[in-house]
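Undergrad: Could you have a look at this structure, given as structure tokens, before my questions?
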């Protein structure tokens, strides 16, 4: 029945698309996959703790992208933080909004996906890996292609700013393709802002290619409204001697599923994934990460930390694949959690599959409560209980934010995290 | 300054303190000694406000206030300082930030202006000399990776910064070699004045060679069973605790 619902929306959608759409192949395979598999349910291993598809099917009436909303320059500037001087790329319900963006084109170019017609599109994020990628393939209207040409060093960070405001039951499908060519360097920031409290479903796909000896940093904030249902699919191909670092700070939403995959495709490259989730109320955040070591001498580092209060729920699943060719791999993974209430739940699962025999891999996870002895120690020095709690929680969380190398954004995240820890946890 | 009357406390239903009476006046140094498990550390913990202990009877008056009624942080702000037997390592909290937060919260409670960064640092430099603590230690996370001696020095350094009226040193000497013991005792002695008082909880007499007590109390089975002057400590060193145990047990 649910598949029929998607079909109906699809037919309507495909009718309004021009026949020669350069995305028609993506749409076609997307549709085939969804027809065969539908959205993933909790009977499937990968979604067993996160019944997001049920929620989506219950709430979403129309899978097509919600239309753009009125958005002002003031709303954009309110979403910035102090000391930010870089370029801004504004998305309005998933659509690029050039009139409100600030694009200098210094060291990079930006175009819509339809203009760019890049052959890369859809080749990094494999729709067979996750039906939500197929769903985005089917329904995204257009998106942006950001290219940092060979050898270019983009001096200032580029801020991708998503504004979402859809009626209850509507969907948003943002699509981003980023190509950092050989020896280029760039820092990207991303934040998603809900303009009101209505429930919507946002299903984003970001594809990133980091060319040989190129370096990219991608720092993300997820702070959507308490009703938002979010699936975020982020896939990066990392080439020879390149590095890619992502730091994600997850603060709010109803149910979030983040699929983050790093493909270490050539030797000498490095992929780093850091994540912090501060959950309260009934927020449910599921981080599925995947690192694929395919060639020798590549490194990966992963640290995800969570603080869960009230009846929030966290899921962490960290897969590390080390293929037979990937000798001399270093792969480290760590997931640490603090549960602040009896009702908070964390399901954490490291998953290492190693076929090479000369590698260094480690993983670990811990789940505990706030250290009462440490709390007493601080109180015994005259620090009030609430502030002492905030200090300790921040001490735990800060280790993740330390990996944000762009100081103004780090300061912004710290401020936001400290404020939340001080008032809501 | 401190008046403990008939103090009873238990942990998880097991009584540990069974009627402690103690009067401490400004300028005095009291040593609390006793065999293992006699309740020495419990007494220190109850005074500092550790929540695991339940006070079942008795009262503690500190400078006219009901100490037992105050949260641990307010006891500290009123001027009670506990030097921990096992100082806690707190990764991610820098020693300097921690101390500045503590000092300023205490000052705020006492109606004083907060210290700005410059004043705080000069105050810190001054007090660091007292316990010969290295600046490098203080730029690290609180107690993280500190040696036993460094942790104890850091306790006394914090004490110097917070300027308490009543300091309770809970087995500060345990695990210290003679050099470290000298440094720590020296710091404590320099902080002594006619206005503040010190309670030294220890198992060993040696510390009392350096921090000379006005009174020595022996705690056994949750009560003070003998009080005397520093000579009592020497007697205990020589004869051990068995004779006191026998005396008390015979009386029961």
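The values are calculated or read from the model by the stated rules, or taken from the named source; none is laboratory data. Not measured: the values here are computed from a predicted model. Backbone-built Cβ (ideal geometry, glycine too); neighbour counts: all protein chains shown.
Undergrad: All but one of (1) over 30 Å from residue B:107 (Cβ atoms); (2) away from every other protein chain (no Cβ under 14 Å); (3) surrounded by fewer than 17 Cβ atoms within 10 Å (Cβ to Cβ) hold for residue A:415; which doesn't?
TA: Unmet for residue A:415, out of (1) over 30 Å from residue B:107 (Cβ atoms); (2) away from every other protein chain (no Cβ under 14 Å); (3) surrounded by fewer than 17 Cβ atoms within 10 Å (Cβ to Cβ): (1).
Undergrad: Still on this model: Quick one: would you say residue A:272 is surrounded by fewer than 24 Cβ atoms within 10 Å (Cβ to Cβ) and outside any strand (DSSP E or B)?
TA: On the way: surrounded by fewer than 24 Cβ atoms within 10 Å (Cβ to Cβ): yes; outside any strand (DSSP E or B): no.
So residue A:272 fails the test.
Undergrad: May I ask you to verify whether residue A:68 is in contact (Cβ under 8 Å) with a residue 12 or more places away in the chain, surrounded by fewer than 17 Cβ atoms within 10 Å (Cβ to Cβ) and in contact with a strand residue (DSSP E or B) (Cβ under 7 Å, 6 or more places away or on another chain)? Don't jump to the end; show me each part of the working.
TA: Values: in contact (Cβ under 8 Å) with a residue 12 or more places away in the chain: yes; surrounded by fewer than 17 Cβ atoms within 10 Å (Cβ to Cβ): yes; in contact with a strand residue (DSSP E or B) (Cβ under 7 Å, 6 or more places away or on another chain): yes.
So residue A:68 passes the test.
Undergrad: Do any helices (runs of 4 or more DSSP H) lying entirely in the range B:19-126 carry at least 1 residues that are at negative phi, more than 13 Å from chain A (Cβ to nearest Cβ) and modelled with pLDDT of 95 or more, and which ones are they? I'd like the intermediate steps shown before the answer.
TA: Values: elements: B:40-48, B:72-78, B:95-109.
It comes to B:40-48.
Undergrad: Additional query: Which is assigned to a strand (DSSP E or B), surrounded by fewer than 24 Cβ atoms within 10 Å (Cβ to Cβ) and over 12 Å from the mean Cα position of the chain (by Cα), of A:251, A:278? Before you say what the answer is, go through the steps one by one.
TA: On the way: A:278 fails: surrounded by fewer than 24 Cβ atoms within 10 Å (Cβ to Cβ).
After applying the criteria, what remains is A:251.
Residues checked against (1) under 18 Å from residue A:164 (Cβ atoms); (2) modelled with pLDDT under 95; (3) assigned to a loop (DSSP other than H, G, I, E, B):
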| position | (1), (2), (3) |
| --- | --- |
| A:68 | yes, yes, yes |
| A:76 | yes, no, no |
| A:85 | no, yes, yes |
| A:88 | yes, no, no |
| A:104 | no, yes, yes |
| A:110 | no, no, no |
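Undergrad: Name the strands (runs of 3 or more DSSP E) wholly inside the range A:321-399 in which the number of residues that are buried (at least 17 other Cβ atoms within 10 Å of the Cβ) and within 14 Å of another protein chain (Cβ to nearest Cβ) is 3 or more. Show your work before the answer.
TA: On the way: elements: A:330-339, A:345-354, A:360-368.
Filter on the range A:321-399 gives A:330-339.
Undergrad: Separate question: Going residue by residue through the range A:234-243, is there one that turns out to be within 26 Å of residue A:198 (Cα to Cα), under 12 Å from the mean Cα position of the chain (by Cα), touching a residue at least 24 places away in the same chain (Cβ under 8 Å) and buried (at least 22 other Cβ atoms within 10 Å of the Cβ)?
TA: If we filter the range A:234-243 for residues that are within 26 Å of residue A:198 (Cα to Cα), which is where we start, we get A:234.
Right, trim to under 12 Å from the mean Cα position of the chain (by Cα) and you get A:234.
Add one more test, that the residue is touching a residue at least 24 places away in the same chain (Cβ under 8 Å), and what stays is A:234.
Now narrow it down to the ones that are buried (at least 22 other Cβ atoms within 10 Å of the Cβ): A:234.
Within the range A:234-243, one or more residues are within 26 Å of residue A:198 (Cα to Cα), under 12 Å from the mean Cα position of the chain (by Cα), touching a residue at least 24 places away in the same chain (Cβ under 8 Å) and buried (at least 22 other Cβ atoms within 10 Å of the Cβ).
Undergrad: Do you know which residues across the range B:180-209 are assigned to a helix (DSSP H, G or I), in contact (Cβ under 8 Å) with a residue 12 or more places away in the chain and surrounded by fewer than 17 Cβ atoms within 10 Å (Cβ to Cβ)? Working first, answer last.
TA: From the range B:180-209, those assigned to a helix (DSSP H, G or I) are B:180-191, B:207-209; that's our starting set.
Next, only the ones that are in contact (Cβ under 8 Å) with a residue 12 or more places away in the chain stay: B:180-191, B:207-208.
Within the range B:180-209, B:182, B:186, B:189, B:190 qualify.
Undergrad: In addition: Could you please give the count of residues in the range A:342-388 that are under 16 Å from residue B:95 (Cα atoms) and in contact (Cβ under 8 Å) with a residue 24 or more places away in the chain?
TA: Qualifying residue count for the region: 1.
Results for (1) in a loop (DSSP other than H, G, I, E, B); (2) within 22 Å of the chain's Cα centre (by Cα); (3) crowded, with 16+ Cβ neighbours inside 10 Å; (4) in the same structural domain as residue A:29 (by TED's automatic domain parsing), shown as yes or no for each residue.
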{"position": "A:82", "(1), (2), (3), (4)": "yes, no, no, yes"}
{"position": "A:114", "(1), (2), (3), (4)": "no, no, no, yes"}
{"position": "A:118", "(1), (2), (3), (4)": "yes, no, yes, yes"}
{"position": "A:121", "(1), (2), (3), (4)": "yes, yes, yes, yes"}
{"position": "A:124", "(1), (2), (3), (4)": "yes, yes, yes, yes"}
